[in-house]
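The values are calculated or read from the model by the stated rules, or taken from the named source; none is laboratory data. A quick note: this is a predicted structure, and the numbers were derived from the prediction, not measured. Quick reminder, even Gly has a Cβ in these numbers, built from the backbone with ideal geometry, and neighbours come from all protein chains shown. These area figures cover heavy atoms from the full protein model, side chains too; ligands, DNA and RNA do not enter into them. Shrake-Rupley method; radii C 1.70, N 1.55, O 1.52, S 1.80 Å.
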Amino acid sequence: MRADRRVSRRELAEALGVHYQTVGYLERGEYSPSLHLALRIARFFEVPVESVFSLDDFPRLQ
């Protein structure tokens, strides 16, 4: 989603108040975010949290 919307890891990290490496860990599935961070990510992208984090794969959003 981040790449599709042309947001850099650094830009997203700054908006969320986390280190840019945290964004990379999230994208690779090496880190599970807290509920608070998950909600902030969903808010940033203006989508429901289920569109960002789910146990099942979602089709790409347009």
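For the chain, with every protein chain kept in place, what is the accessible area per residue (1.4 Å probe, Å²)?
Numbers: 4860 Å² over 62 residues.
Accessible area per residue: 78 Å².
For region 1-30, the list of GluC sites (Glu not before Pro) that fall in a loop by DSSP and count at most 14 other C-beta atoms within 10 angstrom reads E30.
Nonpolar atom fraction for the chain, defined as the carbon and sulfur part of the 1.4 Å probe accessible area, stands at 50 percent. Based on every Cα atom in the chain, Rg and the maximum pairwise Cα distance Dmax equal 10.9, 28 Å.
For the chain, what is the mean residue ellipticity at 222 nm derived from helices alone (per DSSP H run of n ≥ 4: -39500 (n - 2.57); sum divided by total residues; nearest 500 deg cm²/dmol)? Before the final figure, lay out the partial values.
On the way: 4 runs with 31 residues, N = 62.
Computed mean residue ellipticity for the chain: -13000 deg cm²/dmol.
Roughly what would the spin-label model give for H19 and S54, points 7 Å off Cα along C-beta, in nm? Label at H19, label at S54, 3.1 nm between them.
With charges only on Cβ, +1 for K and R and -1 for D and E, what is the dipole size of the chain about its Cα centre, in debye, rounded to 20?
Numbers: 9 positive and 9 negative charges, 50 e Å.
That gives a dipole near 240 debye.
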